[in-house]
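The values are calculated or read from the model by the stated rules, or taken from the named source; none is laboratory data. All values reported here derive from a predicted model rather than from experimental measurement. Cβ atoms come from the backbone with ideal geometry, glycine included; neighbour counts cover every protein chain shown. The protein model used for the area step is the full one, side chains on, heavy atoms only, and it has no ligands, DNA or RNA in it. Shrake-Rupley method; radii C 1.70, N 1.55, O 1.52, S 1.80 Å.
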Amino acid sequence: MHKTLLKILTATLLLSLWTPSRAERVLSLQECRRMALESNREISEASLGVEMARYDKKSAFANYFPEISAKGVYLYNSGDINLISDESSQKLLSLGDNAQGAISGTMQQMMAAIQTNPAAAMEYMQSPMWQTFLGALSQKDVSQLLNGIGQSIDNELHPDLHNIVLGTVSLKQPLFVGGKIVNSNKMASLACRLSEVTLSGKREQVVKDVEQTYWQIVSLSAKKNLAEKYAELLHTLQNNVRISVMEGVATPADELQIKVKANEADMMKLRVENGLSLSKMLLCKQIGLPLDEQLILVDESPTEIRLPKPVEYREFEAIWNDRHETRSLALAGDIYDVKAKIAAADLLPQVALTANYLLTNPGVSNGFQTDFSGNVYAGLMVSIPIFHGFGSWQKVNKAKAESKIYKSRYEGAKELISLQVTQARQQEIEARERHSIARSNLEAAEENLRAANVGFEAGLIDAATILAAHTAWLQAKTDEIDAGIDICIKNLELTNAEGISNIQ
């Protein structure tokens, strides 16, 4: 059993020696911001929203151009299309026979009149022209000629429309639509700007979250160093007391009391290390790194926290113009103002220029010929709304009411931002004052601890006094760390409140 355990421990030790350790990655606050912006999914989605809004803007601009379309249709007609009735068709087909019969009847009547009327007969006999005319008319047969003409006309009136092909090219150019196109483009531009402001707000929120985690890590790292130093001091004190007990200078109770405090210091160090590990895992998640990535932050210092410079105060008007909350509400109010104008456009006349080219087979320009023929049609279309239950008016009133809501929210947001900025300024001042007091207390605690160590080594003070000095120093140092981190956080909050972007 012992040999097996020994083999396992040996193999584990060799494996740990052969396995290369992962290098720690050093990151600054600026690098953390950049990596978080590049890896955040919400920012990627908001970027796609900006891209979609730009497409909508281009789509709205396309309404300025004419709309051109082409269509083609093929129809098969199983029946015949006749432009005249069967009775009229029969008359056309027998046109020559009917005309020839009428001519023959007229000739018979004329000849009968000549034969029964001596004067007419005398005139006929003395007129070579009449003799020639009537002789030619009696010998002429027009039935075949006129029947052919009637047949041709009947064919034209019975076109072949079994296969019909239609094609058209249409153009529509709006001339006046009540300002709807112009205002639609304005609203698309405002919506594009609103999506960009939304993206900016998400980016600022991501940066803010990363900054808070960053400084939390810096705070825990400083407290980890403090806990290690505190535990080291107590363990050194514990060894000194053990020697004093052996020499009879201190009692076992003193040694036990210090041992309890040393164990508490070890437990505190363990809790801080666990919190630091979890905070670094959170930062890795925020900046798109594996959760087990080994990180070291530039501001992790075992000695002192680097404090930021005070924020320069800005005018409230400039702050309102830069904060994404007020910018979003202002743009939303403008959008609904334009939306009201678009709704009002439905109450105005609309004028458009139309042009069409119609291509047909059979053609209709020269009868119904089995070939293609086309015609161009152009015109002006005017649409005047008269009454539709006042629906358009209600849309206008609704858009105006929505605009008033967002303008009211805009004014309320300005008041809240002013209050937030004033409070953030005061909190930063208080944080710097607390840090100054904490530094003064730390200096006093360090001097007290030095004097206590000297007195304990000389045997002038007991273990309880030296432990109290260590505890006071620990508390003072912890307060000094918290005050320094609080300045960093309050500085960031004031920067965000005043609309100063940390995105570079």
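For region 298-432, what does the relative contact order come out to in percent, with C-alpha contacts under 8 Å and a separation of six or more? Relative contact order comes out at 29 percent. Converting phi to 3J(HN,Hα) with the Karplus coefficients 6.51, -1.76 and 1.60 and the offset θ = phi - 60°, region 399-414 yields 5, 5, 5, 5, 4, 5, 4, 5, 5, 5, 5, 4, 5, x, 5, 4 Hz in sequence order, with x at every glycine or proline.
For Lys309, the lysines whose Cα comes closer than 25 Å to its Cα, not counting residues fewer than 8 places off in the same chain, are Lys208, Lys223, Lys477, Lys490.
Compactness of region 373-504 is given as radius of gyration and Dmax, 34.7, 123 Å, from Cα positions.
Sequence-ordered 3J(HN,Hα) estimates for region 270-276 from the Karplus curve with 6.51, -1.76 and 1.60 and θ = phi - 60° stand at 5, 4, 5, 5, 5, x, 5 Hz, glycine and proline given as x. Over all pairs of different C-alpha atoms in region 197-333, the reciprocal of the mean inverse distance, the Kirkwood hydrodynamic radius, equals 19.1 Å. Near Ile461, the amide H atoms lying under 5 Å from its own belong to Phe456; only residues 5 or more places off or on other chains count, and H is placed 1.01 Å from N.
Short-range pairs are left out: with C-alpha atoms under 8 Å and at least six residues apart, the relative contact order of region 355-436 is 17 percent. When DSSP beta bridges are restricted to pairs lying wholly in region 316-453, around 90% turn out antiparallel. Excluding ligands, DNA and RNA, the accessible surface per residue across region 162-228 is 42 Å² with a 1.4 Å probe. The mean accessible area for residues of region 277-323, using a 1.4 Å probe and ignoring ligands and nucleic acids, is 64 Å² per residue.
For region 206-265, chymotrypsin sites (Phe, Trp or Tyr not before Pro) meeting the loop criterion (DSSP other than H, G, I, E, B) and having at most 13 other Cβ atoms within 10 Å: none.
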